[in-house]
Amino acid sequence: MEPPRDQGLLRSDSIPEVGEDAAATVSMAETLSEEERDELRKELAKVEEEIQTLSQVLAAKERHLAEIKRKLGINSLQELKQNITKSWQDVTSTTAYKRTSETLSQAGQKASAAFSSVGSVITKKFEDVRNSPTFKSFEEKVENFKSKVGGSKPAGGDFGEVLNSAANASATETIAEQTEEETH
């Protein structure tokens, strides 16, 4: 007993795909009855006509769209700017962007804290050096030399005060830069 020819999706005869060889197409055409061929030709003509109609409608709609844009003064550059702005907004609203932004912000804060601590360490080291016996001895020799060469102390203060004010100025600049970065 032979199974029925039309089994829906399980049909034994397949419709040739684009790119199948010509022999398969010819054998398929031979198995069709004259009535089936006429029906397929009518359907083919109908589908081709619908495609042509849709192409014409699409072309008319595109012309109408271009006319509306022209009347509104919208040009390609403005559309490009709007597309870029919308794309950027879409990107910035994604979870991945927000997480990355937060991570970079935290990394920046940690780097600022590290720079601040480096500045305070440097200031402490300057103070340690200034309080060391070697530096005190060197400072006394410089003071003696200055008094012999120049007379009395200049109005700027002693070497230790100048060194301390330079270290404090450096630390103040670092803190000011950190505060400025955090506000941006």
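The values are calculated or read from the model by the stated rules, or taken from the named source; none is laboratory data. All values reported here derive from a predicted model rather than from experimental measurement. Because the Cβ atoms are built from the backbone with ideal geometry, glycine has one as well, and the counts that use them run over all protein chains shown. Surface accessibility is based on the protein's heavy atoms, side chains included, excluding ligands, DNA and RNA. Shrake-Rupley method; radii C 1.70, N 1.55, O 1.52, S 1.80 Å.
Structure summary
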read-out: Any hit, region 87-99, residues being outside any helix (DSSP H, G or I), open to solvent by less than 100 Å² (accessible area, probe 1.4 Å) and either free of Cβ contacts under 8 Å to residues at least 12 places away in the same chain or among the β-branched types (V, I, T) (or both); value: yes
read-out: Boolean, F159 is at pLDDT below 80, open to solvent by 70 Å² or more (accessible area, probe 1.4 Å) and out of contact with any Ser or Thr (no Cβ under 6 Å at 6 or more places or on another chain); value: yes
read-out: Residue in region 66-77 that is open to solvent by 80 Å² or more (accessible area, probe 1.4 Å), modelled with pLDDT of 90 or more, part of a helix (DSSP H, G or I) and not β-branched (V, I, T) present; value: no
read-out: Subset of region 111-151 that is among the aliphatic types (A, V, I, L, M) and within 14 Å of E161 (Cα to Cα) - its residue that is modelled with the highest pLDDT; value: V142
